[in-house]
Amino acid sequence: MKETGVTILPREDGYLIQAVGRANFDYAVPLRDLSKDLSGQEKLCFDLSGCTAMDSTFMGVMSMIGLKARRCGKTVEIAGAADNLRFLLRGLGVEKLFQFIPALPASEAVSAAPRSVSSGDRRTTAETVLEAHQTLVEADAANAAKFETVIQFAQDDVDRLKSEQ
């Protein structure tokens with residue numbers, strides 16, 4: 001079985017985020033948590049050399065990080081993204097938030113085994129899905145029509161889960 005997962009590796013000046021396999025909503029919660037802790041001044045790099053696909057929630061959380069960095073005059077790098085991943089990001093109008101580099105410099109490459117990350121509780125996951133898709137709309141207004149239904153379902157889910165507490 002292929003390993004999948006996201007690893008967030010602290011570096012002296014920021015973070016290296018490695019995605020392996022299919023990057024999806026299961027791995028978005030820890031990234032959303034990271035995005036909330038960032039000042040926007042950190043050097044950030046997504047290593048997608050081992051990533052085979054991404055869903056919209058994962059790309060939305062990547063965009064949260066990209067927008068925060070952009071507001072602070074910084075750029076988030078994406079290393080080793082295959083053409084299919086760039087196509088997905090371009091299709092959502094968020095490719096502009098990132099600087100693409102062919103691969104990590106050898107001095108920055110890390111051979112860390114991916115670790116499983118928890119998607120958190122149901123409410124946190126629903127909030128992450130909602131916020132990720134709202135960010136995609138913020139990044140490119142053309143996404144509003146694409147994700148209107150997803151945003152409404154996610155908002156309904158968040159509201160329902162809040163009322164159950």
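The set of residues in segment 54-73 that are touching a residue at least 40 places away in the same chain (Cβ under 8 Å), within 22 Å of Ser39 (Cβ to Cβ) and β-branched (Val, Ile, Thr) contains only Val61. Give segment 1-26 a look and list any residue that's farther than 17 Å from Leu89 by Cα and assigned to a helix (DSSP H, G or I), or say none. Answer for segment 1-26, where residues must be farther than 17 Å from Leu89 by Cα and assigned to a helix (DSSP H, G or I): just Asp26.
On the stretch given as segment 1-36, residues that are out of contact with any helix residue (DSSP H, G or I) (no Cβ under 6 Å at 6 or more places or on another chain) and within 15 Å of Thr124 (Cβ to Cβ) total 6. Can you tell me which residue is nearest to Ala154 (Cα to Cα) among those in segment 15-43 that are within 12 Å of the chain's Cα centre (by Cα) and of a type in the set (A, V, I, L, M, F, W, C)? The qualifying residue nearest to Ala154 (Cα to Cα) is Phe25. Among the numbered conditions (1) surrounded by fewer than 17 Cβ atoms within 10 Å (Cβ to Cβ); (2) among the charged types (D, E, K, R); (3) closer than 21 Å to Lys96 by Cβ, the only one that Glu42 does not meet is (1). Pull up segment 68-92, narrow it to residues that are at pLDDT below 95 and out of contact with any Gly (no Cβ under 7 Å at 6 or more places or on another chain), then point me to the one that is nearest to Val129 (Cα to Cα). Per the criteria, the residue is Arg70.
Just one of (1) surrounded by 17 or more Cβ atoms within 10 Å (Cβ to Cβ); (2) of a type outside the set (Ser, Thr, Tyr); (3) farther than 16 Å from Ala81 by Cβ; (4) without any contact (Cβ under 8 Å) to a residue 40 or more places away in the chain fails for Ala28. It is (4). Do you know which residues across segment 68-104 are of a type in the set (A, V, I, L, M) and in contact with a helix residue (DSSP H, G or I) (Cβ under 6 Å, 6 or more places away or on another chain)? Within segment 68-104, Val76, Leu89, Leu92, Val94, Leu97 qualify.
Looking across segment 59-89, the residues that are assigned to a helix (DSSP H, G or I), over 14 Å from the mean Cα position of the chain (by Cα) and not acidic (Asp, Glu) come down to Arg70, Arg71, Asn84, Phe87. Taking residues in segment 74-89 that are in contact (Cβ under 8 Å) with a residue 60 or more places away in the chain, and partners anywhere that are of a type in the set (Phe, Trp, Tyr), not one pair has Cβ atoms closer than 6 Å while being at least 6 places apart or on different chains.
Taking the criterion of being under 16 Å from Thr57 (Cα atoms) and of a type in the set (Ser, Thr, Tyr), the residues of segment 25-41 that qualify are Tyr27, Ser35.
The values are calculated or read from the model by the stated rules, or taken from the named source; none is laboratory data. Just so it is clear, the structure is predicted and the values come from calculations on it, not from any experiment. Virtual Cβ from ideal backbone geometry, glycine too; neighbours counted across all protein chains shown.
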